[in-house]
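Encoded as structure tokens, the structure appears first; notes follow it.
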Amino acid sequence: MKHKILCLLLSAALLSGCTGTGSTNLTAPPSPAPVSQVETEETAPASAEPSAEPALRLSDEVYTWDEMQPVGVWGTAPMRSKPGYYTVCRDGLWGLITADGQRLLDCVGERPLDLCDMGEWICNELNTYTEEEHPDAVALQEATGKRLCLGHGVSSMWYYYDLDMQQVREYSVLDGSSFNQPVSDEAVWDTFGDWLAVYPARMKDEYDLGPAEGGWRYINAAGEQLHPQNAAGAEPDAAGWFFEEALAPVGFGGNWAYIDRSGNLVTEAVYEPVWHSWGEENPPTYAASLQNGYAAVCRDGKWGLLDSTGTEVLPCEYAGTAWEGTVLWVKTEDGWHKAELPAA
């Protein structure tokens, strides 16, 4: 098993991707200098607020991206997300903004921008570049302090519960070499939270981790286990991270619920997958983990915001929500708006 990260050729011929007609009030960061000057139009008025309690307060500024989502960090499934950035899409091409809307890279990429496991920006073509050939690539590095990933071996990491050895192990592949060892480093739990999401399996051979033999579970560093179940007694067939949050997402047949730190479901499995793993196809297969007490959720094709009690503090009534832990965005009929978090 071998995974390679491919990097994006940031062609100067595509620089119109995020600056076309319809983009309003996009301001570049004061330092470093913006990638290029962004055209602006008169700000469209904010759309009427849905009838929800508490009332949602939206900014008057309207941003006309088709989609936006947090930036992911490759290496584990599901991916972690990187606070401070969103990757945004217009007409099928993706760019990068700061969390509060300052443009860092025009919509030129064929896939959402993520970070590799070395903290470099992942793009979709492997190529070298120079300042003359790709001025936006250089400006992106200057604006974020992060290089563009030019391609390297990437460690593909899985955490599982070995049924033969009765222990939590980590399995990874890097440049054709496999690594399989017990999870003994406390940093793993420091990264993903006190409870680590794992599934029971057996290694078939050095490069073949067998399928799950039972539902996903959570295990802490002391070896204690949580075995979530739905009302019918079924165990989850997928799971996300707790991190330091009160809830974690668990999947049942493609739908997602949220559990607390005792393993009890605090929501029903009614949410659709909105978050992706790492890979070229990049489909949404997971629910979002909570960040700073909230998670963007989607139910019946409509978006909302879930809090750490399992309550939809924004009901699933909106065309889109995006939350990376610092700045909330909500999509209404006229486009994307920054929004205040609902009052507690």
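The values are calculated or read from the model by the stated rules, or taken from the named source; none is laboratory data. These numbers were taken from a predicted model, which means no experiment stands behind them. Neighbour counts run over all protein chains shown; Cβ positions are idealised from the backbone, glycine included.
Restricting the stretch 288-337 to residues that are of a type in the set (S, T, N, Q) and surrounded by fewer than 22 Cβ atoms within 10 Å (Cβ to Cβ), the residue that is nearest to THR98 (Cα to Cα) is THR326. Of the strands (runs of 3 or more DSSP E) that lie entirely inside the stretch 180-298, those containing 2 or more residues that are farther than 28 Å from PRO83 by Cα, charged (D, E, K, R) and modelled with pLDDT under 95 span 203-205. From the list ALA212, ALA221, the one residue that fits, being in contact with a helix residue (DSSP H, G or I) (Cβ under 6 Å, 6 or more places away or on another chain) and surrounded by fewer than 19 Cβ atoms within 10 Å (Cβ to Cβ), is ALA221.
Checked against the criterion of being modelled with pLDDT of 75 or more and in contact with a Lys or Arg (Cβ under 7 Å, 6 or more places away or on another chain), the stretch 128-140 contains not a single residue that satisfies it. Pick out the one residue from GLY263, GLY233, GLY254 that is over 25 Å from the mean Cα position of the chain (by Cα), on the phi > 0 side of the Ramachandran plot and not aromatic (Phe, Trp, Tyr). Answer to the check: GLY233.
Screening SER289 with (1) of a type in the set (S, T, N, Q); (2) in contact with a Pro (Cβ under 8 Å, 6 or more places away or on another chain); (3) free of Cβ contacts under 8 Å to residues at least 40 places away in the same chain gives one miss only, at (3).
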